[in-house]
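Participant: Structure incoming, see below.
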Amino acid sequence: MNRRPEMSRRRFFARVLGGAATLALAGCQKLSQSEWFPKVLAVGERLSAAAGTLVAGRKAMAQEFTEADLSPSFRSNGTFRPQSAEYEALLARSFADYALVVDGLVADPRRYSLAELRALESRTQITRHDCVEGWSAIGKWKGVKLSTLLEAVRPAPAARFVVFHCADPMADDGKDPYYESIDMDDAWHPQTILAYDLNDAPLPVGNGAPLRLRVERQLGYKHAKYVMRIELVESFEKIHGGNGGYWEDQGYQWYAGI
Amino acid sequence: MNEATSTVAAAAPAQGALYYRHTLAVRIMHWINVVALTILFMSGLQIFNAHPALHWGKSSYTGRPALLEIGVREGGESGMMGVTRIFGREFDTTGVLGLSRDDGELYAQAFPSWIAIPSHQWLSMARAWHFFFAWVFVVNGFCYLAYSIWSRHLAHDLAPTGGELKTIGRSIRDHLRFRHPSGEAATRYNVLQKIAYLVVIFVLLPLIVLMGLAMSPRLDALFTGWVDLVGGRQSARTLHFVIAWLLVAFVLIHVFQVIVTGLWNNLRSMITGRYRVPTEAHDE
């Protein structure tokens, strides 16, 4: 049997395959950078969100852990100290001048000092924080349930989302404040709290002092730190980039349950 | 092979004849699976790049070191080197893992651009690809299962018979010598092939999906503590990664077998459905 043609045919095939792979990879790169293809891919996010609600239910509780599971130190990620004069002023007086504003589509807008928040009924939970990057850390959080605040301000029927406005600017020029949004299912969920303590001590600056959101069935970037204002809205289309959060405006999924 | 129990024996095509091996449905689902799994693998590596370390347990901060870690550190000829640490042992992987070269330029990235989608560090886009094609894969997989049961593809072509299971030893020896069945025996999958396909279809693929779901904080709320059954969320992430590479190993062996048993004949059978029955065993 003459093996030559067989060999050159194999080499030819390998070259065609190599060329095709290079083209396919370049094609994927083009698709990622196109206007239309990411919109097609976003269908996956909508399916995942629908499946998550269908399978795990609106009221399903996130797992809670024991003291033995606590991570030795809770990692600070993203902003570790907000670069703003206003925040520095609040920090200098140990947040004595801090006030949380709750407004928007509500019957009774309110302001809470840190002392007032601490005086309200609290919830303590040991939960796992899952970063979109892939790591997890377990911490013990104490705070006021968001539902307690919602009951006080009485959301209008038109309110569909809760937006969290934060003190940390994400751009070097002090602009682009961090913000996030959740739907009413997560807003009324008993494990959704505004935490002021981490591991039995006041929340450190690196973890969002004086107040951060815990929304336990979603990834880390949803858990807004340095929360200054809570706004109830019908739509977040007109807020900042219009995608419902700082990272969402950078292309991350609004549904962070997966 | 001398299979008295064979059900295809009566209708066995003559040696050298073309016969209809793969139905249109199986062919379409096979190629959808190729595309989906390739994209899942490559976008998965780009997701891994955002945190190129694997841990065991409920969190990444258990006090124990990472099982696997890929990164860069000072050292080597250019002042920087790519390093991979496995169970605490460090390897210089410059050029492949940690630090690679693109058009002569060194760049830090755990898995290099040529194996990742998108090519360079872009977590949100990698996630968008991954979760879209995860749906394609899962829907395709359920269609395949339903079809295989309904058409008896599973019972007829994939389930090994009792007689076949007794010939495993001989089948292993045949594979090691690259001896492949001819004539009537070549119209059926051999016993090792059947076992390999069944392990992939019913063990590895469902497990990798389950480990993926275990990483979803929303689905972790399904039953309290179910993720701990596999060792915790970080263990699930590690298993997801390991199974992905087991699937790569399967694909490499699969493609190798396709090549040594007749590349064009096999490819044609998965494109047009027609397979030419080998006339003689070829020892290579």
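Just so you know, all these numbers are worked out from the coordinates, no wet-lab data involved. Please read these numbers as outputs of a predicted model, since none were measured by experiment. Don't worry about glycine lacking a Cβ; one is built from the backbone with ideal geometry, like all the others, and counts go over all protein chains shown.
Participant: Which of the DSSP-defined H helices in chain A satisfy a minimum axial length of 24 Å, computed from C-alpha atoms, and a minimum mean Kyte-Doolittle hydropathy of -1.0? Walk me through the numbers before you get to the answer.
Facilitator: Numbers: long enough: A:4-33 (44 Å, -0.12); A:37-56 (29 Å, 1.00).
Span-like helices here: A:4-33, A:37-56.
Participant: For B:Trp150 and A:Thr66, what is the calculated FRET efficiency with R₀ set at 45 Å and r taken between the beta-carbons, to the nearest 0.05? Don't skip to the end; give the middle numbers.
Facilitator: Working: r = 48 Å, r/R0 = 1.06.
Efficiency, from the Cβ-Cβ distance: 0.40.
Participant: Please state the charge dipole magnitude for the protein assembly as shown, taken about the Cα centre, from unit charges on C-beta atoms (+1 on K and R, -1 on D and E), reported in debye and rounded to the nearest 20. It would help to have the intermediate numbers written out before the result.
Facilitator: Numbers: 55 positive and 50 negative charges, 414 e Å.
Taking the Cα centre of the protein assembly as shown as origin, the dipole is about 1980 debye.
Participant: Cα gyration tensor of region B:1-136, axes a ≥ b ≥ c as square roots of the eigenvalues: rounded (a/c below 1.5), prolate (a/b > b/c) or oblate?
Facilitator: Prolate, since a/c reaches 1.5 and a/b exceeds b/c.
Participant: Now for a separate question. Longest segment of chain A with no GluC sites (Glu not before Pro) in a DSSP loop having at most 10 other Cβ atoms within 10 Å?
Facilitator: Values: sites that count: A:Glu35, A:Glu121, A:Glu237.
Answer from the scan: A:122-236.
Participant: Helix by helix through chain B, keep the DSSP H runs that span 27 Å or more along the axis on Cα and average at least 1.0 on Kyte-Doolittle, and give those back in order. Intermediate values should be presented prior to the final figure.
Facilitator: On the way: long enough: B:24-49 (38 Å, 1.45); B:123-150 (40 Å, 1.14); B:233-260 (41 Å, 1.53).
Length and hydropathy pass: B:24-49, B:123-150, B:233-260.
Participant: By how many nm would the segment from A:Thr124 to A:Arg154 grow when fully extended, if each residue of separation counts as 0.36 nm and the alpha-carbon distance is taken off? Provide the component values of the computation, followed by the final result.
Facilitator: Numbers: separation 30, 0.36 × 30 = 10.80 nm, distance 2.41 nm.
Going from the current span to full extension adds 8.4 nm.
Participant: When N counts the residues of region A:4-48, how does its alpha-carbon radius of gyration compare numerically with 2.2 N^0.38 Å, as a ratio?
Facilitator: Values: Rg = 17.3 Å, N = 45, 2.2 N^0.38 = 9.3 Å.
Here the answer is 1.85, to two decimals.
Participant: Which of the trypsin sites (Lys or Arg not before Pro) found in region A:169-258 are loop residues per DSSP with 12 or fewer other Cβ atoms within 10 Å of their Cβ?
Facilitator: On the way: sites: A:Lys175, A:Arg212, A:Arg214, A:Arg217, A:Lys222, A:Lys225, A:Arg229, A:Lys238; in loops: A:Lys175, A:Arg217, A:Lys225, A:Lys238.
Loop-located and lightly packed - A:Lys175, A:Lys238.
Participant: Considering only B:His55, B:His175, B:His22, give the residue with the highest GNM mean-square fluctuation for chain B, with springs between Cα atoms whenever their separation is below 10 Å.
Facilitator: B:His175
Participant: Could you tell me which of B:Ser59, B:Leu106, B:Gly79 has its Cα farthest along the dipole of region B:57-110 towards the positive end, charges placed at Cβ (Lys, Arg +1; Asp, Glu -1), taken about the Cα centre?
Facilitator: Of the listed residues, the answer is B:Ser59.
Participant: Let me ask something additional. Take every DSSP beta bridge whose two residues both sit in region B:57-110, then give the antiparallel share in percent to the nearest 5.
Facilitator: Looking only at bridges with both residues in region B:57-110, the antiparallel portion is about 100 percent.
Participant: In chain A, what % of DSSP beta bridges are antiparallel (nearest 5)? Don't skip to the end; give the middle numbers.
Facilitator: Working: 36 of 40 bridges.
Bridges in chain A that DSSP calls antiparallel: roughly 90 percent.
Participant: Follow-up. Among B:Asp157, A:Asp108, A:Asp185, which comes first, then next, by fewest other beta-carbon atoms within 10 Å? Show your work: numbers first, answer last.
Facilitator: Values: B:Asp157 18, A:Asp108 10, A:Asp185 13.
Fewest to most other Cβ atoms nearby, the residues stand as A:Asp108, A:Asp185, B:Asp157.
Participant: Can you give me the C-alpha center-to-center distance between region A:204-233 and region B:116-134, rounded to a whole angstrom?
Facilitator: Rounded to whole Å, the Cα centres lie 26 Å apart.
Participant: Does chain B come out rounded, prolate or oblate by the C-alpha gyration tensor, with a ≥ b ≥ c the root eigenvalues, rounded set by a/c under 1.5 and, if not, prolate when a/b is larger than b/c and oblate if not? Walk me through the numbers before you get to the answer.
Facilitator: On the way: a/c = 2.21, a/b = 1.75, b/c = 1.26.
Cα axes put chain B in the prolate bin.
Participant: Counting other C-beta atoms within 10 Å, which of B:Phe133, A:Phe13 has the fewest, and how do the rest follow?
Facilitator: Details: B:Phe133 25, A:Phe13 14.
Lowest to highest Cβ neighbour count: A:Phe13, B:Phe133.
Participant: Compute log10 of I(q)/I(0) for region A:161-236 with the Debye formula, placing one identical point scatterer on every Cα and leaving out solvent, at q = 0.15, 0.20 Å⁻¹, to two decimals.
Facilitator: Taking Cα atoms of region A:161-236 as identical point scatterers yields -0.50, -0.87.
Participant: Mind computing the radius of gyration and Dmax over the alpha-carbon atoms of the protein assembly as shown? Å is fine for both.
Facilitator: Gyration radius and largest Cα-Cα distance of the protein assembly as shown: 28.0, 91 Å.
Participant: Continuing with the same structure: Highest GNM mean-square fluctuation, chain B, Cα pairs closer than 10 Å: which of B:Leu229, B:Leu267, B:Leu239?
Facilitator: B:Leu229
Participant: Then there is this: Sorted by mean Cβ packing within 10 Å, highest first, what order do the peptides B:184-191, A:135-142 take?
Facilitator: On the way: B:184-191: 20.2, A:135-142: 23.1.
With the highest mean Cβ count within 10 Å placed first, the list reads A:135-142, B:184-191.
Participant: Within the P(r) computed for region A:62-249, what percentage of the Cα pairs occupies the region above 27 Å? Spell out each step's value before the answer.
Facilitator: Details: 3930 of 17578 pairs.
Tail of the P(r) past 27 Å holds 22 percent of the pairs.
Participant: Also: How many angstrom separate the Cα center of region B:85-115 from the Cα center of region A:13-83?
Facilitator: Answer, in whole Å: 22.
Participant: Which order results if A:Cys28, A:Cys166 are arranged by neighbouring Cβ count within 10 Å, fewest first?
Facilitator: Working: A:Cys28 20, A:Cys166 24.
In order of increasing Cβ crowding within 10 Å: A:Cys28, A:Cys166.
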